[in-house]
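Undergrad: Below you will find the structure I want to go over with you.
Bear in mind that the values in this text are calculations on the coordinates, not laboratory data. Given the structure is predicted, the values throughout are model-derived calculations rather than measurements. Using ideal geometry, Cβ is built from the backbone for each residue, glycine included, and neighbour counts are taken over all protein chains shown.
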Amino acid sequence: MADYMEEKLTKISDRLLAFGVKIVKITTDLNKSSIGRNIGKQLLRAGTSAGANYEETYGAESRADFTHKLQLVLKELRESLYWLKLVRKSEILKWRNIDNIIDETEQLCKIIAQSIITTKNNR
């Protein structure tokens, strides 16, 4: 059972890392305009910190600390989702894969939200 959980955590960690890489690429393209730079700074901060905060769950000192760290991950993912939707709706970036990254962000939000619920229910 422990191996299964470790594998599941690793897969989420890998997805968050890949998500962070996509965010870096998007913000690189956003930096080509002044409005894009401002939005890009916010997106870069939120999008890359989600994975970093998730990595911190491995060092959680208690179940409450673990839950808190997961809540931070979800907060950053939700903020990233907002900025990505703003980029799509404002059309400041003609990035053809923006819908794919929005979909991935929504999936990651659901996974992390369910993990928070599960963790809270297993007290």
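Undergrad: So in region 12-32, with the set limited to residues that are surrounded by 15 or more Cβ atoms within 10 Å (Cβ to Cβ) and charged (D, E, K, R), which one is farthest from Tyr54 (Cα to Cα)?
TA: Asp29
Undergrad: Determine which single condition Ala64 fails, assuming it passes every other condition in (1) part of a helix (DSSP H, G or I); (2) surrounded by 14 or more Cβ atoms within 10 Å (Cβ to Cβ).
TA: (2)
Undergrad: Also, I was wondering about something else. Going residue by residue through region 85-107, is there one that turns out to be among the acidic types (Asp, Glu) and touching a residue at least 12 places away in the same chain (Cβ under 8 Å)?
TA: Scanning region 85-107, I find at least one residue that is among the acidic types (Asp, Glu) and touching a residue at least 12 places away in the same chain (Cβ under 8 Å), so the answer is yes.
Undergrad: Name the single residue, out of those in region 33-58 being among the hydrophobic types (A, V, I, L, M, F, W, C) and in contact (Cβ under 8 Å) with a residue 40 or more places away in the chain, that is surrounded by the fewest Cβ atoms within 10 Å (Cβ to Cβ).
TA: If we take residues in region 33-58 being among the hydrophobic types (A, V, I, L, M, F, W, C) and in contact (Cβ under 8 Å) with a residue 40 or more places away in the chain, then Ile35 is surrounded by the fewest Cβ atoms within 10 Å (Cβ to Cβ).
Undergrad: Taking Leu81, is it touching an Asp or Glu at 6+ places or on another chain (Cβ under 7 Å) and either in a helix (DSSP H, G or I) or buried (at least 16 other Cβ atoms within 10 Å of the Cβ) (or both)?
TA: In short, yes.
Undergrad: Consider region 59-84. How many of its residues are in contact (Cβ under 8 Å) with a residue 12 or more places away in the chain and either within 13 Å of Ser115 (Cβ to Cβ) or in contact with a Pro (Cβ under 8 Å, 6 or more places away or on another chain) (or both)?
TA: Residues in region 59-84 being in contact (Cβ under 8 Å) with a residue 12 or more places away in the chain and either within 13 Å of Ser115 (Cβ to Cβ) or in contact with a Pro (Cβ under 8 Å, 6 or more places away or on another chain) (or both): 10 in total.
Undergrad: Pick out the one residue from Ile23, Ile35, Ile39 that is under 10 Å from the mean Cα position of the chain (by Cα) and within 14 Å of Leu93 (Cβ to Cβ).
TA: Just one listed residue meets the conditions, Ile23.
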